[in-house]
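In what follows, a single structure is set out as structure tokens and then discussed.
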Amino acid sequence: QVQLVESGGGLVQPGGSLRLSCAVSGFTVDDYAIGWYRQATGKQRELVANQISGGSTNYADSVKGRFTITRDNAKNAVYLQMNNLQPEDTAVYYCNAKIINLDYWGQGTQVTVSS
């Protein structure tokens, strides 16, 4: 059974940093595309960053240079390091895996950037 469990969200001031974690079970992170999406209140869910099998990564233009996606095959986990956070980064962040044309999602973790 595929499960994705996010953690690491919270409240941070502008310019601060957070590291999100996604613990994965039911498949091996190195075998499929896995990434992070976010959804702000009243907006559509959007891709933040993802990494396909083999290591190629994609980032939304709005987070390039500030966010970094990494995976730990030994721990079967994926991380999102977020630096220089801004109020517009406020959203619920979801871990996503694409397995044989199906999307799997975690429950989400709230990130709030506010002074």
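Return the FRET efficiency for the residue pair residue 11, residue 62: r is the Cβ-Cβ distance, R0 is 25 Å, and the value is rounded to the nearest 0.05. Rounded to the nearest 0.05, the efficiency is 0.80.
Sequence-distant contacts, meaning Cα pairs under 8 Å at least 6 residues apart, place the relative contact order of the chain at 37 percent. In this Cβ point-charge picture (+1 for Lys and Arg, -1 for Asp and Glu), the chain has a dipole of about 100 debye about its Cα centre. Geometric descriptor of the chain, per residue, is 95 Å³ (volume of the convex hull of the Cα atoms). Label-to-label distance for residue 72 and residue 52 is 2.7 nm, based on points extended 7 Å past Cα in the beta-carbon direction.
Readers should treat all values here as calculations from the given coordinates under stated rules, not as data from a laboratory. Keep in mind it's a predicted model, so treat the numbers as computed, not measured. Please note: Cβ atoms are built from the backbone with ideal geometry, for glycine as well, and neighbour counts cover all protein chains shown.
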